[in-house]
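As structure tokens, the structure follows; a few thoughts come after it.
The values are calculated or read from the model by the stated rules, or taken from the named source; none is laboratory data. Values in this document were obtained by computation on a predicted structure and should not be read as measured data. So basically every Cβ, Gly included, is an ideal-geometry build from the backbone, and we count neighbours across all protein chains shown. These accessible areas exclude ligands, DNA and RNA; they are computed on the full protein's heavy atoms, side chains included. Shrake-Rupley method; radii C 1.70, N 1.55, O 1.52, S 1.80 Å.
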Amino acid sequence: MTVTIGRRELLAALGGAVAWPFAARAQQRGRVQRVGILMPYPKGDSENEARIRAFKQELARLGWTEGGNIQFDEHWTADNMDRVRAEAAALVASNPDIIVTTGGRVVPVFMRLTHSIPIVLPTASDPVGVGYAQSLARPGGNVTGFTGFELSILGKSLEILKQIAPAVVRVALIYNPDNPNSVHYRRISEAAAAPLAIEIIDLPVHNLADIDRVVTNLADRQNSGIFFLPDLTVTALRDDVVSLVARRRVPAIYSEPFFVKLGGLAYYGADRMEGFRRAAGYVDRVLRGEKPGDLPFQQPTKYELMINRTAAKALGLEVPPTLLARADEVIE
């Protein structure tokens, strides 16, 4: 017997097939939900472990109890892309209900490994520009989350550095060029630097030796500054980076608040802890049946300005009182 199907029925059937992986996961009620977490930082990284704790605490507030109705499979890889690729493959092979991860070089690894497991990002820089999503309002795939670094912040960070160190006429952008976001960082920074009479110098790095070399060269050029862009390599080396920059006496602004707590000069950007708390809300919604492609990438709602006045004084810089008054935290 021949069975015919109309165009409308065919489209409906195909649409159901596309949606099936997410719907099937949500429909398996009564079992423990598994959340895979991959953090490209070393185990014992206090700042990032605190972010994961905040994420879990928010999930608990939403009704998900570890050891009860939810289980976490955590992977801490450090900034080692061979480990990232191996552990990401193992995590995907274990077929968790959802994955939480971060990192401009890490997310593409997962996107190549799976198109069906939902992925939530607590921090992303330019999800549309680098291909994570079709649009911020409707990502359309299996990846969604929160932007932890709005691109306009690049210009604001340069402006703050210029206010603290008004003699600066050139700023080096230091980052790992393997990060797919770096193209957008350079473009936005160059556009923002012109009205500030700042020359942008592009200085990609891969390791501490590279950072040592470029910072030493900058120290020999008067009126130079540094902008350390969001990057796993720089973050992993933060203790060495802050110490090196202090020894070479170069004013620098950073893309993570913990640099300032370690002795760095200044930070301006989103509240990173907030991104992890908000990510828990998206994990909750996906586990309860919503599709990640329907959940918009959301931008930060809270920004922080941190200034280390001790670091400024060591450089012979006087932070303007108006800037100190705006700061969320001043380290004396």
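For the chain, the per residue solvent-accessible surface stands at 44 Å², with DNA, RNA and ligands left out and a 1.4 Å probe. Take the chain and mark each of the trypsin sites (Lys or Arg not before Pro) that is in a DSSP loop with at most 11 other Cβ atoms within 10 Å; the longest unmarked stretch, sites excluded, is 32-248.
Solvent-accessible surface of protein heavy atoms, probed at 1.4 angstrom with all chains present, puts S116, S46 in the order S46, S116, largest first. For the chain, give the percent of accessible area contributed by carbon and sulfur heavy atoms, probe 1.4 Å, rounded to a whole number. Carbon plus sulfur share of accessible area: 52 percent. Looking at the chain, what % of its DSSP beta bridges pair antiparallel, to the nearest 5? Counting only bridges with both partners in the chain, antiparallel ones make up about 10 percent. When all protein chains stay in place and ligands, DNA and RNA are ignored, the 1.4 Å accessible-area order of H115, H75, largest first, is H115, H75. Where in region 56-88 does the label zone of S94 land, with the point 7 angstrom along Cα→C-beta and an amide N cut-off under 15 Å? Zone members listed by number: 67, 70-77, 84-88.
Stretching the chain fully between N223 and D239 yields a gain of 3.4 nm (0.36 nm per residue, less the alpha carbon separation). Average 1/r across all pairs of distinct alpha carbons in region 51-95, invert it, and you get the Kirkwood radius: 12.2 Å.
Expressed as a fraction of 2.2 N^0.38 Å, the value expected for a compact globular protein of N residues, the C-alpha radius of gyration of the chain is 1.10.
Ellipsoid semi-axes for region 185-328, based on the Cα gyration tensor and the rule √(5λ), read 32, 18, 16 Å when sorted largest first. Taking all Cα-Cα distances within region 229-275, those exceeding 15 Å account for 39%.
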